[in-house]
Amino acid sequence: MELTILHLYPDVMSLYGEHANVAVLRRHLEALGVTVTVRKLMADDAPDFSGAGFIYMGAGTERTQKFVLERLAGQGPALRAAAEAGAVVLFTGSAMEALGASVTDAAGTVHPALGLADFATVETDRRAPGDVIAHTDLTDSPVVGFMNKCSLTHGVSAPLFSRLSLGFGSDAELGPEGWHDGNIFATHITGPLLVKNPDLLDALIRLLAKNQGWDLPEQLPVLPHERDAYAVTLRELQSRVK
Amino acid sequence: MGKLRFYLALLAGKLSRPVLKITKHKGTSFPGELALRICPAFLQYVHMPEQIIAVTGSNGKTSTVEMIAAILTAAGRQVIYNKEGSNQTEGVATLLLANCTLTGRLHGDVLLLESDERYTKYTFKWFRPTHYVITNLYRDQLTRNGHQEWVYDAIRPSISPETTLVLNADDPLVASFAQGRDPAKVKWFGLEENPSSTKEHRGMYDDGQRCPICRGKLTYSCYHYAHIGHYKCAACGYSRPTPDFAGTALDLQKGVLTVNGRTDIHLAFRSIYNIYNILAAWSVCSLAGIPADVMADTVDNYILKNGRTIRFGLGAHRGTLLISKHENSVAYDTNLDYIRSLTEPCEVMVIVDAVSRRYFTGETSWLWDIDFDRLDTPHVRRIWLCGKYVNDLAMRFDYTGVDPEKIVLQESISAACAQLKAEGDLPLYVMTCFSDRDKLLSLVQLEQGGN
């Protein structure tokens, strides 16, 4: 069992410790006996998704995100093809916006995005930071996290999270959030999403196994502290729900 | 009409102060809030002294302001400054109210302001600093402030063409404030390469990889810490300006900083932060016409009174609290460097209980931005992880090279302290934030005269 994780632009798209997502996924896969290679695609490298079984990109600033949109111009079909060939794609934080049709900045300039989905993002001049409890059919337990965005994303046809019980969705308080299409997962939740949510991590590992043809044990590895950390965060966030 | 409102605001604001004193609401920004409500242009009408010095940036504001105040006072200037860090617009108005006559004239020679980077544009809409120090910009409380480019954009409108900017030449983002300005209105401070500099970047992330002007790749000839160092963009030529005020030599082992090749300054605290605070204070005071010997006498062996380092006893342990702001990985990394630089065996405690004292959040991504591997050193014998987020801390340490045998998990801060009190006598270094500081300090024996 082998897997290559492709981490897109960690030099400019890692505002919130996102390398932790790659590290925790790697450790869990290695606990299952998978040989993992991590390939980092840096800002000066030509985009190349070949050979990747998992493709990840984290959050950037408004400016680095536009820079990355330029670097990725015309790569939408290649990314779509990689996902259709079985690569699991996860974009978190402002990277999510890159998957849609466009991002309009606060000055009104429209920046074309990868175009894998029809949704469009409009930036505002206000940041809306906040904790999140999000619900999805992919996991029995809710997903916890944090968002720090200054944008609204309209027109998501298939949200990753059907509703939030805490936090701001794609374009409404407590509204649907993120985007999910087959092997592609996107959410504006920032930072160590997979570290904070062991059930979501397991769901992605099961999907990876299905796509790669691996046989997995009934019980996936449980690494120390992860479940306890999740329980504390969920308890704390739930205490904020009015 | 404007003036009339101003005098009314002045009177109301001033009268509210003794009332607040009686009702024990002293120390709030209420007088300023009241005055601004009556007269929104209040700040514009106060008759300011000739020199107005402002300091903003991610880290070092309070310390730099304190040092500038000490130098100016030593030089015989009467300084009005916001000691308590009430650095938002209402706080500034409150400060002015407390220090002006009934005709609105400030008593002092210099107004010195620590200014919250998010509010400068509101404060400096009404009056302009003559000198504006910007210390550095990096990831600091992203929950509240947003990222460093967001902060850059927030500060930018607060800068007027008449103001002399005093900028950290070693921070590429800060240095870019000079773009498009009259070069005569920009002065630079910076640190030259020295034995503490490194050729490679250190840390979990590097925000100095791309040019803030053209997004080309920045190359560094040396790093001082994080993305602070000597940089150049191969694509557009943007590079570190030559400092007007330079730390020309630094011996952190001996604790001596040389300024402009002439003056040796002995360091009471040997952190890289302290170096930059001194350089910033030196620059702006020099521009304000203070003689070098007065500056040197004041900053030599200067001990900050900011409560960021607190000594205490816990059983047979001699403890040192190193305030390390949560959600600020550079602050943690700097203290980790300090602990790593020691040679005697010691124990370390990290407490993350409440992420912030001002707001609630369960946001812990910043733990992954801290380079805890710096504790992977033989003289650190044991590491206590404490507080509500002990599991998040434990997971973070699982991804370092630190020997798991050295790690003790104890959610309860009081249980950890009780255990330490009962056993061992190694020096103890505690890293935590203002939000969790008192949870520790209420359990230990504070040293007399310490601060």
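Derivation of every value follows stated rules applied to the coordinates shown; laboratory data play no part. The structure displayed is predicted, hence computed values, not measured ones. Backbone-built Cβ (ideal geometry, glycine too); neighbour counts: all protein chains shown.
How many nm separate the modelled label positions at residue B:179 and residue B:221, each set 7 Å beyond the Cα in the direction of the Cβ?
2.3 nm
How much of the DSSP beta bridge set in the range B:309-446 is antiparallel, as a percent to the nearest 5?
On the way: 8 of 27 bridges.
Approximately 30 percent, going by the DSSP bridge assignments.
Under a plain spin-label model, where a point goes 7 Å from the Cα along Cα-to-Cβ, how far apart in nm are residue B:20 and residue B:294?
About 3.1 nm, to one decimal.
From the helices alone, meaning DSSP H stretches of at least four residues, give me the mean residue ellipticity at 222 nm for chain B, per-run term -39500 (n - 2.57), in deg cm²/dmol to the nearest 500.
Details: 15 runs with 142 residues, N = 451.
Theoretical 222 nm ellipticity from helices: -9000 deg cm²/dmol.
Measure up B:83/B:388; B:3/B:121; A:66/A:196; A:149/A:196 against 25 Å on the Cα-Cα distance and list the ones that go over. Display every interim value, and only then the final one.
Working: B:83/B:388 32 Å; B:3/B:121 23 Å; A:66/A:196 28 Å; A:149/A:196 19 Å.
Cα-Cα > 25 Å for B:83/B:388; A:66/A:196; rest within.
Take the alpha carbon atoms of the range B:381-451, find their center, do the same for the range B:258-335, and report the distance between the two centers in whole angstrom.
Taking the Cα centre of the range B:258-335 as reference, the centre of the range B:381-451 is 25 Å away.
Given Cα pairs under 8 Å that are at least 6 residues apart, what percent is the relative contact order of the range B:309-446?
40 percent
On full extension of the chain, what length is gained from residue B:99 through residue B:268, given 0.36 nm per residue of separation minus the C-alpha to C-alpha distance?
Working: separation 169, 0.36 × 169 = 60.84 nm, distance 3.21 nm.
Result: 57.6 nm gained on full extension.
How large is the charge dipole for the range B:179-335, taken about the Cα centre, if only the Cβ atoms of Lys, Arg (+1) and Asp, Glu (-1) carry charge, to the nearest 20 debye? Don't jump to the answer; show the numbers that get you there.
Numbers: 18 positive and 14 negative charges, 78 e Å.
For the range B:179-335, the charge dipole is close to 380 debye.
Given labels modelled 7 Å from the Cα in the Cβ direction, how far is it in nm from residue B:5 to residue A:139?
Computed distance between label sites residue B:5 and residue A:139 equals 5.2 nm.
What list of ³J(HN,Hα) couplings, whole Hz, do you get for the range A:7-22 from phi and the Karplus terms 6.51, -1.76, 1.60, once you set θ to phi - 60° and write x for glycine and proline?
For the range A:7-22, the Karplus-derived couplings read 9, 7, 6, x, 6, 10, 10, 8, 7, 10, x, 5, 4, 5, 4, 5 Hz, x marking Gly and Pro.
Projected onto the charge dipole of chain B (+1 at Lys/Arg Cβ, -1 at Asp/Glu Cβ, origin at the Cα centre), which of B:424, B:356, B:169 gives the Cα projection farthest towards the positive end?
In chain B, that residue is B:356.
Give me the extension gain from residue A:228 to residue A:31: residue separation times 0.36 nm, minus the current Cα-Cα distance, reported in nm with one decimal. Provide the component values of the computation, followed by the final result.
Details: separation 197, 0.36 × 197 = 70.92 nm, distance 1.92 nm.
Computed gain between residue A:228 and residue A:31 is 69.0 nm.
What is the local net charge at residue B:357, summed over the other residues whose Cβ is closer than 10 Å to its Cβ (Lys, Arg +1; Asp, Glu -1)? Kindly include the intermediate steps, with their values, before the conclusion.
Values: positive: B:358, B:437; negative: B:436, B:438.
Taking every Cβ under 10 Å from that of residue B:357, the sum is 0.
State the Cα centre-to-centre distance between the range A:111-160 and the range A:177-204 in whole Å.
Cα centroid of the range A:111-160 versus Cα centroid of the range A:177-204: 11 Å apart.
Please give me the summed charge of the neighbours of residue A:123: other residues whose Cβ is under 14 Å from its Cβ, Lys and Arg +1, Asp and Glu -1.
Values: positive: A:63, A:66, A:126, A:127, A:149; negative: A:62, A:97, A:105, A:125, A:171, B:149, B:153.
Here the count lands on -2.
Report the FRET efficiency, 1/(1 + (r/R0)^6), for residue A:45 and residue B:376, where r is their Cβ-Cβ distance and R0 is 35 Å, rounded to 0.05. Each step should come with its number before you reach the end.
Numbers: r = 31 Å, r/R0 = 0.88.
That pair, residue A:45 with residue B:376, gives E of 0.70.
What list of ³J(HN,Hα) couplings, whole Hz, do you get for the range A:72-81 from phi and the Karplus terms 6.51, -1.76, 1.60, once you set θ to phi - 60° and write x for glycine and proline?
Values per residue, Gly and Pro as x: 9, 3, x, 8, x, x, 5, 5, 4, 5 Hz.
So the label point goes 7 Å from the Cα of residue A:2 along Cα→C-beta, right? Which residues of the range A:209-239 then have their backbone N under 20 Å from it?
A:209-216
Taking chain B as a whole, which cysteines find no other cysteine Cβ under 4.7 angstrom from their Cβ?
B:39, B:100, B:222, B:285, B:346, B:386, B:417, B:433
What fraction of the DSSP beta bridges in the range A:1-139 is antiparallel, stated in percent and rounded to the nearest 5?
Working: 3 of 21 bridges.
Antiparallel: roughly 15 percent of the beta bridges in the range A:1-139.
When only Cα pairs under 8 Å and 6 or more residues apart are kept, what is the percent relative contact order across chain A?
On the way: 528 pairs, mean separation 45.2, N = 242.
Worked out over chain A, it gives 19 percent.
For chain A, what does -39500 (n - 2.57) per DSSP helix run (n ≥ 4), summed and divided by total residues, give at 222 nm, in deg cm²/dmol to the nearest 500?
On the way: 7 runs with 68 residues, N = 242.
Helix-only estimate at 222 nm: -8000 deg cm²/dmol.
Which ³J(HN,Hα) values, rounded to whole Hz and listed in residue order, are derived for the range A:204-220 from phi using the Karplus coefficients 6.51, -1.76 and 1.60 in 6.51 cos²θ - 1.76 cosθ + 1.60 with θ = phi - 60°, glycine and proline given as x?
With coefficients 6.51, -1.76 and 1.60, one gets 5, 5, 5, 5, 4, 4, 4, 5, 8, x, 8, 8, 10, x, 3, 9, 7 Hz.
Sequence-distant or interchain residues sharing an amide H contact under 5 Å with residue A:170, placed H: which?
Here the answer is A:177, A:178, since their amide H atoms fall under 5 Å of that of residue A:170.
Search the structure for amide H atoms under 5 Å from the amide H of residue A:87, placed 1.01 Å from N in the peptide plane, and list their residues when 5 or more places away or on another chain.
Sorted by chain and number, the residues that satisfy this come to none at all.
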